[in-house]
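Q: The structure that follows is given in the form of C-alpha cells.
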Amino acid sequence: MGTEVLCRVLDHTDLLADRIPAPLIAPSPSSVWATQLSAPPPDLPGDLSQLLDCLDSARDASAENTSPTNFAYIPSGGLFASAVAEFYARAVNRHGGVAAAAPGFAAAERSVLSWMAHQVCGLPPGTAGTLTTGASAATFAATVAARDARAGTDLGRATVYLSAHTHYSAAKAARLAGIRESNIRVVPTDADLRMDAVAAADLIDADSKAGLKPFLLVATAGTADTGAVDPLAGLAAMAHARGLWLHVDAAYGGFFRLTDRGRQRLDGLHLADSVTLDLHKSLFLPFGTGALVVRNGRDLAGAHCGTGHYLRDVTQAHSAPDPASLGIELSREARGLRVWLPLHLYGTHAFATTLEEKLDLAAQAFTTLRANPHLETPWSPPLSTVAFRLPATAPTPRAQRAADTRTAALHREIEATGRIRLSSTIIDERLTLRMCILSPRTRARHVREALRVIADAAKRFGDPPRRDVPLPLVEAE
Ligand SMILES: *Cc1c(COP(=O)(O)O)cnc(C)c1O
C-alpha cells in the first residue's frame with residue numbers, strides 16, 4: 001500500500017514546479033470518481049488502485065495550492081519532508097497528548113516550540129507553547145489564556161481591541177471565549193494600514209472610564225491583505241502601561257524574523273505576551289499546523305489544565321508538561337515531528353534564505369507593477385504581498401465604482417489564462433488584487449511570468465497611460 005501511494009504522490013510532486021494553479025479537469029458532479037467519493041462505504045472490500053484513481057481524479061480537479069504560480073490568499077508550501085514525517089508519525093501512532101507516553105517525541109515538540117518562542121520571536125525564558133491545527137486555533141488558545149489571566153470575573157465588561165485589518169479569527173476567538181460582540185473594539189489604522197497606537201490608547205482609556213475592563217489588544221505582524229505590520233513596540237508600551245495583554249498575530253509574518261529585513265520590520269515582537277505563528281504559511285509546511293507561544297508559560301497552563309482519575313498512571317509518572325495541559329486536545333498525534341524533521345533535515349538557514357528570496361521577489365514585483373501606467377500600487381510591500389488595482393479617474397464614489405468594475409474584469413481575465421492565481425480583497429472600500437509570493441517553489445521565472453500575464457491584462461482593461469506617471473528608464477526584471 002505504501003509503495004503504491006508513494007509512487008503516485010511522487011509522480012505528482014515531481015511535476016509541481018511546472019504545474020499551473022487552475023484545476024486540470026473541471027469537476028463534474030456526475031463523473032464516476034465524484035459519485036464514488038460521495039457514496040457510503042461498501043459492505044465488501046474495494047480495490048486500492050481503483051480507490052486511489054478516484055483520489056487522483058479529485059486531486060486534479062482541485063486548486064493546486066502548491067503550484068509556484070499560485071499567489072492567491074497566503075500560499076501553503078506543502079513541504080514534502082513534513083508530509084514524510086507525518087506519515088511516519090501516524091504509522092507508528094504514538095500518543096502525542098501526554099509526555100510520558102512518548103517522551104522523545106514530546107521533547108521534539110517542546111524543542112520546536114522553544115525555538116519559535118526564543119529564536120524566532122525573541123521571548124525570554126519561561127515560555128510555553130502549543131502546536132495547533134492553524135492560526136485560528138492558536139489565537140483562540142491565546143484569547144482564553146489572556147481572558148483567564150487579565151479579564152477578571154465579570155466577563156460582561158471584558159473588552160478586546162483589534163483593527164479593521166486584523167484577521168477575522170481574532171474577533172471569532174473573542175466571541176468563542178465569551179466576550180460580548182459589542183465589547184470588541186475596532187481601532188483606526190493609518191495610511192499604511194497599521195493600527196494607530198494613540199487612537200487605541202484613547203479607546204482603552206474611554207472604556208476604562210466607562211467601567212469596562214479592557215484586557216486584550218490584538219496586533220498583527222503581517223496582515224492577510226497586504227502584510228502590514230502594526231507598530232508592535234509602541235503598542236506593547238501602551239498596552240502594558242494599561243495592564244492589557246498584547247497578543248500578536250504573526251500567522252503570516254512571523255517566520256520572516258529569520259531574515260535581517262524581517263527582524264527589522266517585525267521589531268518589538270519580543271514584547272508580546274503571546275504570538276500566533278502559522279507553520280503552513282511562512283514555514284512552508286502542508287496545511288494543518290499552527291503554533292502559539294506564550295511569554296509566561298503559567299498563563300497558558302492555567303487556562304488549559306485538567307485531568308481525570310483514568311489518567312493517574314501516566315500523569316504521576318513524569319514531570320515534563322503534557323501538550324494536553326497546554327492546549328484544548330487530549331488524544332492527538334505526535335504533532336511536533338512534522339516540524340522537527342524539516343528543520344533538522346534542511347537547517348534553519350535554508351528557511352531564512354528561501355524567505356529572503358520571497359522578499360526580493362516581492363520587491364521586484366512591486367517595482368514592475370508600480371511602473372505600469374495602467375495600475376495603482378498604494379502600498380510598498382512590508383513582506384511578500386504586493387497589492388494593486390486599476391486607478392479611479394476621479395476621487396468620486398462613481399469613478400471608484402467604475403474602477404472596481406474594471407479591476408474585477410482584470411482579475412477574471414488573469415484567472416482565465418489559467419497560468420497564475422491571484423486573490424482579491426477590499427481595502428479602504430476599493431477592490432484590490434493581491435499577489436502573495438510565499439511558495440518555496442516560486443522562483444524569479446514564475447514571478448516574471450505572473451508580471452507578464454498581469455501586464456497583458458492591464459493593457460486591455462486599463463485606461464490609456466496617465467501622463468503624470470513617470471515611466472522608468474529601465475524596465476525592472
Ligand atoms: C491565515 C491567517 C490567519 C488564520 O489562520 P488559519 O491557519 O487559516 O486558521 C490568521 N491571521 C493571519 C494574519 C493570517 O494570515
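Q: Looking at (1) basic (Lys, Arg); (2) more than 10 Å from the ligand (Cβ to nearest atom); (3) within 19 Å of the chain's Cα centre (by Cα), which is the one condition that is false for Lys281?
A: Lys281 satisfies all of (1) basic (Lys, Arg); (2) more than 10 Å from the ligand (Cβ to nearest atom); (3) within 19 Å of the chain's Cα centre (by Cα) except (2).
Q: Before we move on, is Leu79 more than 30 Å from Gly308 (Cβ to Cβ) and modelled with pLDDT of 95 or more?
A: For Leu79, the condition - more than 30 Å from Gly308 (Cβ to Cβ) and modelled with pLDDT of 95 or more - is met.
Q: Here's a follow-up. Only residues that are farther than 17 Å from Ala320 by Cα, away from the ligand (no atom under 12 Å from the Cβ) and in a loop (DSSP other than H, G, I, E, B): list them for the stretch 287-307, please.
A: The one that is farther than 17 Å from Ala320 by Cα, away from the ligand (no atom under 12 Å from the Cβ) and in a loop (DSSP other than H, G, I, E, B): Arg295.
Q: Count, please, the residues in the stretch 160-170 that happen to be within 10 Å of the ligand (Cβ to nearest atom), open to solvent by less than 40 Å² (accessible area, probe 1.4 Å) and not in a loop (DSSP other than H, G, I, E, B).
A: So the count comes out to 2.
Q: Something else now. Residue by residue through the stretch 129-159, note down the ones that are open to solvent by 20 Å² or more (accessible area, probe 1.4 Å), outside any helix (DSSP H, G or I) and more than 16 Å from the ligand (Cβ to nearest atom).
A: Selection gives Gly152, Thr153, Asp154.
Q: Before we move on, is Ala58 within 25 Å of Phe87 (Cα to Cα) and not hydroxyl-bearing (Ser, Thr, Tyr)?
A: When the stated conditions are applied, Ala58 passes them.
Q: Is it the case that the stretch 320-328 has a residue that's under 20 Å from the mean Cα position of the chain (by Cα), within 16 Å of the ligand (Cβ to nearest atom) and not in a helix (DSSP H, G or I)?
A: Checked against the condition, which is being under 20 Å from the mean Cα position of the chain (by Cα), within 16 Å of the ligand (Cβ to nearest atom) and not in a helix (DSSP H, G or I), the stretch 320-328 yields at least one hit.
Q: Of the residues Asp278, Asp260, Asp273, Asp267, which is closer than 19 Å to Phe351 by Cα, open to solvent by 10 Å² or more (accessible area, probe 1.4 Å), among the charged types (D, E, K, R) and at pLDDT 95 or above?
A: The unique qualifying residue is Asp260.
Q: While we're looking at this one, here's another question. For the stretch 1-113, please list each of the helices (runs of 4 or more DSSP H) lying entirely inside it that holds at least 2 residues being over 29 Å from Gly129 (Cβ atoms), among the acidic types (Asp, Glu) and free of Cβ contacts under 8 Å to residues at least 24 places away in the same chain.
A: Once the helices (runs of 4 or more DSSP H) in the stretch 1-113 are filtered for at least 2 residues that are over 29 Å from Gly129 (Cβ atoms), among the acidic types (Asp, Glu) and free of Cβ contacts under 8 Å to residues at least 24 places away in the same chain, what remains is 2-14.
Q: A further question on this structure: Which residue is nearest to Thr223 (Cα to Cα), if the candidates are limited to the stretch 387-444 and must be among the small types (Gly, Ala, Ser) and open to solvent by 20 Å² or more (accessible area, probe 1.4 Å)?
A: The selected residue is Ser424.
The values are calculated or read from the model by the stated rules, or taken from the named source; none is laboratory data. Predicted, not measured: the structure shown is a model, and the values here were computed from it. Counting neighbours? That spans all protein chains shown, and the Cβs are built from the backbone with ideal geometry, glycine included. Remember, those area values only see protein heavy atoms, side chains included, never the ligands or the DNA or RNA. Shrake-Rupley method; radii C 1.70, N 1.55, O 1.52, S 1.80 Å.
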